[in-house]
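Below is one structure, written out as structure tokens; comments come after it.
The values are calculated or read from the model by the stated rules, or taken from the named source; none is laboratory data. Treat the numbers as computed from the prediction; the structure is a model and nothing was measured. Cβ atoms come from the backbone with ideal geometry, glycine included; neighbour counts cover every protein chain shown.
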Amino acid sequence: MQRDLSLHILLCDSGFQVLHLTNSVSGLWGADDIEVEMKDNVEARSDAERIKCRSLLESLKCAFLAEIKAIEQDFRLQVTMQKGENLRFKQMLSNIKSEKTYITQQLLLFQRRVDRLENEIGRD
């Protein structure tokens, strides 16, 4: 009885191992037994890789959520600061408008005095 079994293991660029089974079996070893054993091997590796991927995804998710929370807090702080600046500018604008009104009133008073003085000088 001749036993002929050839197994090929190919390594992918990502480092994962892909099993490729080419077998021709005669004798006591049945092809079904070898295939079942290989499937169990592949499934065990797949489960481990799946768990590893889920763990990585969860850690990424946590990192992204923390980053988003930090960005939201920073945004709220910036909004609060901007509201304070806007209020300060409104107060400054209000003060400037009041000063402009006062200066305009003073100019009108001076203009009236000048007109009065010109009238008095012109009469003399």
Breaking point among (1) part of a helix (DSSP H, G or I); (2) surrounded by 10 or more Cβ atoms within 10 Å (Cβ to Cβ); (3) modelled with pLDDT under 95, for LEU21: (1)
Options GLY122, GLY84: the member that is out of contact with any Pro (no Cβ under 6 Å at 6 or more places or on another chain), at pLDDT below 95 and of a type in the set (Gly, Ala, Ser): GLY122
